[in-house]
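Peer 1: This is the structure, below, for whatever I ask next.
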Amino acid sequence: MIHLDIQKRLQSAEGEMNLHIKCDIQQGQFITLYGESGVGKTSTLRMLAGLMQPDAGQIIVNNKSWFDQDKKINIKSQLRNIGFVFQDYALFPNMTVKENLHYATGKRDKSAIAQVIDIVELGELQDRKPDTLSGGQKQRVALARAVVQQPEILLLDEPLSALDLSKRLKLQDYLLKIHSEFKLTTLLISHDIAEIIKLSDQVFVLEKGQIKRSGSPEQIFINTEISGKFKFIGEVLQIQKEDIIYVITVLIQNNIVKVIGQESEIRDLHIGDKVMVASKAFNPLIYKIE
């Protein structure tokens with residue numbers, strides 16, 4: 001378990017901000033930090049990773065103190081067993097993909113390298129250097145490099161934001177598989193609601209340096225808990241009345257889906273709204289995303 005109770009005085013666009021994050025994260029969870037720019041999301045990850053020192057508080061991971069201001073404990077970043085994937089790739093340009101991964105493991109066991117290469121499909125790229133790779137391929141290497149270190153915790157600072165939709169969706173699948181295969185505790189920063197709903201167990205909503213709300217993605221963005229087996233995020237293209245029912249046309253990724261709805265379901269829907277389409281007892285249901 002991760003216990004965070006940390007404080008840091010930061011400068012934001014609106015002036016000085018007192019960041020105070022207090023939460024407990026269970027081992028194996030996939031957590032997303034959500035909120036406007038400048039509310040302290042990246043600073044929270046950096047303090048957990050040991051790249052920024054809190055002004056006060058505690059960081060306890062699996063009953064071991066990584067930081068305790070009162071006890072003068074501050075474990076070095078290199079000893080915190082964390083994998084960190086930034087928005088930029090930060091790969092060594094003079095090394096091949098496989099050499100980047102070998103270097104990242106240091107003196108650790110290198111047995112995970114082949115498994116990670118297989119999961120993120122880097123086999124045909126492993127002997128190429130970063131300057132010959134596309135953005136999506138580089139991000140896969142950056143993700144693989146973080147995972148081969150066999151971290152307890154994986155930190156992801158908007159790693160997919162610069163990629164186009166098809167690459168982003170593929171990398172989301174890789175993230176889920178890696179999170180599961182290596183039994184990681186993962187913290188993600190993302191502004192993409194569809195991505196958050198697909199990946200996350202729980203969302204922490206930050207406002208002005210504090211966690212104001214937390215819950216499942218459905219509770220946060222749809223104000224209800226959805227138990228349907230199939231859940232897809234899309235955009236309303238058309239709402240058309242036919243007799244006593246309504247046909248709602250939704251764009252889901254690159255597919256057009258038509259959902260039957262009652263008047264009560266479409267009352268607050270408008271063209272352009274983001275929605276979740278889910279199933280319950282084989283009946284499609286549509287929920288507006290706030």
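Peer 1: Going by the structure shown, is residue 86 in contact with an Asp or Glu (Cβ under 6 Å, 6 or more places away or on another chain) and of a type in the set (Phe, Trp, Tyr)? Quick ask: steps written out before the conclusion?
Peer 2: Working: in contact with an Asp or Glu (Cβ under 6 Å, 6 or more places away or on another chain): yes; of a type in the set (Phe, Trp, Tyr): yes.
Against the criterion (in contact with an Asp or Glu (Cβ under 6 Å, 6 or more places away or on another chain) and of a type in the set (Phe, Trp, Tyr)), residue 86 qualifies.
Peer 1: Only one of these is assigned to a helix (DSSP H, G or I) and buried (at least 16 other Cβ atoms within 10 Å of the Cβ): 78, 87, 115, 139. Name it.
Peer 2: On the way: 78 fails: buried (at least 16 other Cβ atoms within 10 Å of the Cβ); 87 fails: assigned to a helix (DSSP H, G or I); 115 fails: buried (at least 16 other Cβ atoms within 10 Å of the Cβ).
139 is the lone residue from the list that is assigned to a helix (DSSP H, G or I) and buried (at least 16 other Cβ atoms within 10 Å of the Cβ).
Peer 1: Determine whether residue 275 is surrounded by 12 or more Cβ atoms within 10 Å (Cβ to Cβ), more than 27 Å from residue 143 (Cα to Cα) and free of Cβ contacts under 8 Å to residues at least 40 places away in the same chain. Step through it out loud before you land on a result.
Peer 2: On the way: surrounded by 12 or more Cβ atoms within 10 Å (Cβ to Cβ): yes; more than 27 Å from residue 143 (Cα to Cα): yes; free of Cβ contacts under 8 Å to residues at least 40 places away in the same chain: no.
For residue 275, the condition - surrounded by 12 or more Cβ atoms within 10 Å (Cβ to Cβ), more than 27 Å from residue 143 (Cα to Cα) and free of Cβ contacts under 8 Å to residues at least 40 places away in the same chain - is not met.
Peer 1: Let me ask something else about it. Can you say whether residue 95 is assigned by TED's automatic domain parsing to the domain that holds residue 176, at pLDDT 90 or above and more than 21 Å from residue 4 (Cα to Cα), as far as the supplied structure shows?
Peer 2: Numbers: assigned by TED's automatic domain parsing to the domain that holds residue 176: yes; at pLDDT 90 or above: yes; more than 21 Å from residue 4 (Cα to Cα): yes.
Yes; evaluated as a whole, the condition is true for this residue.
Peer 1: Here are 230, 282: which of them is farther than 25 Å from residue 155 by Cα, modelled with pLDDT under 80 and in contact with a Ser or Thr (Cβ under 6 Å, 6 or more places away or on another chain)? If you could, list the steps in order and put the result at the bottom.
Peer 2: Working: 282 fails: in contact with a Ser or Thr (Cβ under 6 Å, 6 or more places away or on another chain).
230 is the lone residue from the list that is farther than 25 Å from residue 155 by Cα, modelled with pLDDT under 80 and in contact with a Ser or Thr (Cβ under 6 Å, 6 or more places away or on another chain).
Peer 1: Right, here's the next one. Being hydroxyl-bearing (Ser, Thr, Tyr), free of Cβ contacts under 8 Å to residues at least 40 places away in the same chain and within 17 Å of residue 147 (Cα to Cα) is the filter here; which residues of segment 62-95 pass it?
Peer 2: We begin by selecting, within segment 62-95, every residue hydroxyl-bearing (Ser, Thr, Tyr); these are 65, 77, 89.
The next check asks that each one be free of Cβ contacts under 8 Å to residues at least 40 places away in the same chain; those that pass are 65, 77.
Of everything in segment 62-95, just one residue is hydroxyl-bearing (Ser, Thr, Tyr), free of Cβ contacts under 8 Å to residues at least 40 places away in the same chain and within 17 Å of residue 147 (Cα to Cα), namely 77.
The values are calculated or read from the model by the stated rules, or taken from the named source; none is laboratory data. Everything numeric here is computed off the predicted structure, so don't read it as measured data. Every residue, glycine among them, receives a Cβ derived from its backbone with ideal geometry; neighbour counts consider all protein chains shown.
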